[in-house]
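S.K.: Here you go, one structure.
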Amino acid sequence: MPDHPDLEAEQEFLNRAHNGLESMRGEARQMLQGVLDLGKGGTFQSRTERDIVVRTSLARLEQLDIGDQALYFGRIDRFPEPDADGGNGSGLGESFHIGRLAVSGPDLEPLVVDWRAPVAEPFYRATGLDPQGLARRRHLAVRGRTVLGLEDEYFVDPTRAPGAPLLPVSDTPASDEDPSGERLLSEGMVLGGPGALLSALGQARTGHMGDIIGTIQREQDEIIRSPLSGVLVVQGGPGTGKTAVALHRAAYLLYTHRFPLERQGVLVVGPNPLFLRYIEQVLPSLGETGVSLSTVAGLVPEIRVKGVDDPTVATLKGDVRMVKVLERAVRTRQRPLRHDIEVPFGAGVLRLRAKTTEEIVALARRRPGTHNVRRRFVEAHVLRALADDYRARLARGIERLGDAEGESAGDGEGAAEGLLADLASDLGEEADAAPSPEEQAELARRLRRTPQVAEALDRMWPRLSPHELLHDLLGARPLLAAAGQGILSPEAVRRLYRPRSGALDQVPWTVADAALVDEARTILGPRRGGARPNRARATRADEGSAQESGFWPQGLAASPMPTSGAVLGPEEEIRSFGHIVVDEVQDLSPMQLRMLARRSLSGSMTVVGDIAQATGPWAPESWDDVTRHLSPQRATRLVELTVSYRTPAEVIAVAAQVLAVAAPAIRPPRPVRQSGFTPRIIASSRAGLAEAVAQATRQEAAVVTPGRVAVLGPAVMLPELARALSDAGLDPTDPRDPRGDGLAAGLVLLPADETNGLEFDAVVVVEPALVAAVGDELSGEQPPVATTRGLRTLYVALTRPTRRLAIVHAEPLPVAIEAPAP
């Protein structure tokens, strides 16, 4: 951005805006100090009001603390309203500075408007054909409290006569090159602020994704400002900014629908912890700190992922048929007793007949509700059966007493009266009196505490935890075979089987297991009762069961049943959210999609991904394969980002050759810039491969420093590559280790199949033939065979750089990869 005559005026305005921001901070601090000075006394209401003011003031101060970020980045000048005589007026119309938060002056005049406000929309949407009332759009380069430069785009000449042609949209040629040789390829594309865009794209990576509020383009803004309701699917190829767009949409929705979403919550789901650390600063930089970030497996607190499934097993576990398998697995645990049981009670013995338990289980299976909720129904009817037997025995005792009174004399009469007293004392009642509700409840509690009754209930209808159920199911071939009969083949049962572990915390849980545990939780319901909303509904159902039994009016409180492993707390209830953002959704299985849908309060979701980058065991053929599990009852909206801003044309040209084989029906995005660097393809011998990688990495690092370099290759080669890079003095970092610098390190080493969504200044891809053979069974000297999944993984790895790409190989290249001509 060259020097401009308005630079000094913009600097003065920036100073004024910062003064306004400091005044707003002072007001928030004054409000906070005012309530703190009141002390801790007062009424309950006054203390509550004071706490609210404290929380509000602290939140406001956090929002107003922008650090060294630019307070604003743009300005729009509206075309003046026509004069009374129909003329164009004079000069420019209203002006608004667009920034990351709203700032007002001493008399409350707006100095800066929030980028999400409706008045700021033309800053992102205006084009030469549709200026949206703007005469000029200005992009400002601001660092801290200093204006470094500005770039103007004119849409309308305020002095032109009616009907006269418009001015050129930009006074800066879009094809201008920067000192590094980068240039925009804007022919046929409408770009807002081309100079600002090129400057932002050319900056070195920091290891953390930054916000793009200063350079959002029209197609991105239309997605960001889409309505809240329903499922919005965003298809976008490499470099189109789909992740940034999804995060900015979350910030926009929180601004526009603050009241419901702040209370209901917003959830952002990413593919792995490394990705979450990469994006974790975006929303806080936009002033939104209350958003939850998680992986899919992280939403299931009962388990900790320790293992990795074979792709075939992961595919089986992700199949929606597993819903039926889990339902059957639960049903097999609902079974009547095989034999009558005797229950010692008081002076006699009660009998629970197997035929009676068969009828109770059949009734319970027909009732609505989750498995654990219906346990209360089973308890009620078992206790009723025992109580009926008790009353029958008591009645027979009274009848025998009457017979004895007619035949006995002397000592015999006293013995009969003693027998009745023993029987009646068990109820604490007179022999000829009907038991009161309290006495009936006491009898039920006494029966329930007997070991024989507790054991019978656990055999008939045990309380189950979801992770215990899955551990039992996968650890027993007979259970798997029974639950999967007619659904799973014998080979599938064999693959799903996993030897039981000694304790639940020792189970090698996998990512695919998390979705199964979550589905099981839905089938089972909470194991314990409680006062949470969903459990309140369960309690009402339980009370209905008790009343139907005719034995006691208020039901029985379930006593805690200890788990044989992890202790569950409030996590038993699934938390739902007002809006959910899901990134890299193309790699999620149907079972994982179902668990995300369960966490949506109203079906409002933003899911982003790229069918061409589907590298997981489940690769959808179309977006219908995704949306049928996310929103089966409602229509979804599909939008597409077609322009690649991050990935340069030279890199896309190489990656497109792989895409043409991996997904012939999908077209790569259109690049908006050239980096000026031709990708290098370096052939090597097998013995000298590691050394060649180290040399190529050193060369790339020398060019892009202080940017970030990544070496991506097959997982099996990473130890060898790490040694070679370390021997060359390059000090590679595994960014997945939370104890290290992560992606902020200058050089990172990663498996190619764990790089979705990441970006680096330079990338060295090692042995693309092995990367493309993901899922192929390699043995001995057998040449690697490319698979569709592997080629898509290679496509992802090749499109990670923002500037430079090098390919080092000893094996023959898997497809006709050729570097573009310089």
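The values are calculated or read from the model by the stated rules, or taken from the named source; none is laboratory data. Everything numeric here is computed off the predicted structure, so don't read it as measured data. Cβ placement follows ideal geometry from the backbone for every residue including glycine, while neighbour counts extend to all protein chains displayed. Accessible surface areas use protein heavy atoms only, side chains included; no ligands, DNA or RNA. Shrake-Rupley method; radii C 1.70, N 1.55, O 1.52, S 1.80 Å.
S.K.: Output the qualifying pairs, or none if there are none: Cβ atoms under 7 angstrom, residues six or more apart or on different chains, first residue in the stretch 185-196 and of a type in the set (A, V, I, L, M, F, W, C), second residue surrounded by fewer than 23 Cβ atoms within 10 Å (Cβ to Cβ) and modelled with pLDDT under 85.
M.R.: Once the first residue is of a type in the set (A, V, I, L, M, F, W, C) and sits in the stretch 185-196, its partners that are surrounded by fewer than 23 Cβ atoms within 10 Å (Cβ to Cβ) and modelled with pLDDT under 85 give Leu191/Ala174.
S.K.: Which one of the conditions (1) touching a strand residue (DSSP E or B) at 6+ places or on another chain (Cβ under 8 Å); (2) among the β-branched types (Val, Ile, Thr); (3) open to solvent by 20 Å² or more (accessible area, probe 1.4 Å) does Val190 fail to meet, given that it meets all the rest?
M.R.: (1)
S.K.: Then there's this: What single numbered condition from (1) at pLDDT 70 or above; (2) closer than 14 Å to Leu386 by Cβ fails to hold for Asp426?
M.R.: (1)
S.K.: To continue, here is another question. Looking at (1) at pLDDT 90 or above; (2) farther than 30 Å from Leu630 by Cα; (3) open to solvent by 40 Å² or more (accessible area, probe 1.4 Å), which is the one condition that is false for Glu222?
M.R.: The one condition Glu222 does not meet is (2).
S.K.: When residues of the stretch 596-622 are filtered for being open to solvent by 30 Å² or more (accessible area, probe 1.4 Å) and either under 26 Å from Pro669 (Cα atoms) or without any contact (Cβ under 8 Å) to a residue 24 or more places away in the chain (or both), how many remain?
M.R.: Looking only at that region, the number is 5.
Matching residues to (1) charged (D, E, K, R); (2) modelled with pLDDT under 90; (3) over 22 Å from the mean Cα position of the chain (by Cα); (4) open to solvent by less than 30 Å² (accessible area, probe 1.4 Å):
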site	(1), (2), (3), (4)
Arg494	yes, no, yes, no
Arg498	yes, no, yes, no
Trp509	no, no, no, yes
Ala536	no, yes, yes, no
Glu548	yes, yes, yes, no
Pro562	no, yes, yes, no
His579	no, no, no, yes
Ser589	no, no, no, yes
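For every residue, the table says whether it meets (1) open to solvent by 40 Å² or more (accessible area, probe 1.4 Å); (2) over 20 Å from Asp6 (Cβ atoms); (3) modelled with pLDDT of 95 or more; (4) out of contact with any Asp or Glu (no Cβ under 6 Å at 6 or more places or on another chain).
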residue	(1), (2), (3), (4)
Glu62	yes, yes, no, yes
Ile76	no, no, yes, yes
Asp85	yes, yes, no, yes
Leu108	yes, yes, no, yes
Phe123	no, no, yes, yes
Asp130	yes, yes, no, yes
Arg145	yes, no, no, yes
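S.K.: On the given criteria, is Gly195 small (Gly, Ala, Ser), buried (at least 22 other Cβ atoms within 10 Å of the Cβ) and modelled with pLDDT of 70 or more?
M.R.: Yes: the conditions hold for Gly195.
S.K.: Which pairs do you get when a residue that is in contact (Cβ under 8 Å) with a residue 40 or more places away in the chain, found in the stretch 730-746, comes within reach of a residue that is aromatic (Phe, Trp, Tyr), reach meaning Cβ atoms under 9 angstrom, with the pair 6+ apart or on two chains?
M.R.: Hits for this filter: Pro735/Tyr278; Gly742/Tyr278; Leu743/Tyr278; Leu743/Phe760.
S.K.: May I pose another question? Does Arg391 count as outside any loop (DSSP other than H, G, I, E, B) and without any contact (Cβ under 8 Å) to a residue 60 or more places away in the chain?
M.R.: Criteria met by Arg391.
S.K.: Here's another thing I want to ask about it. Taking Thr647, is it of a type outside the set (Gly, Ala, Ser), touching a residue at least 12 places away in the same chain (Cβ under 8 Å) and in contact with an Asp or Glu (Cβ under 6 Å, 6 or more places away or on another chain)?
M.R.: no
S.K.: Give me a count of the residues in the stretch 753-770 that are within 16 Å of Thr615 (Cβ to Cβ) and either touching a Gly at 6+ places or on another chain (Cβ under 6 Å) or acidic (Asp, Glu) (or both).
M.R.: 2
Yes/no per residue for (1) open to solvent by 20 Å² or more (accessible area, probe 1.4 Å); (2) among the aliphatic types (A, V, I, L, M):
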site	(1), (2)
Ala722	yes, yes
Ser726	yes, no
Asp737	yes, no
Gly740	yes, no
Gly746	yes, no
Asp753	yes, no
Ala762	no, yes
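S.K.: Looking at the structure I just gave you, is Gly89 at pLDDT below 85, on the phi > 0 side of the Ramachandran plot and open to solvent by 40 Å² or more (accessible area, probe 1.4 Å)?
M.R.: In short, no.
S.K.: Only one of Ser57, Ser23, Ser46 is of a type in the set (S, T, N, Q) and either in contact with a Lys or Arg (Cβ under 9 Å, 6 or more places away or on another chain) or closer than 26 Å to Ala126 by Cβ (or both); which?
M.R.: The conditions single out Ser57.
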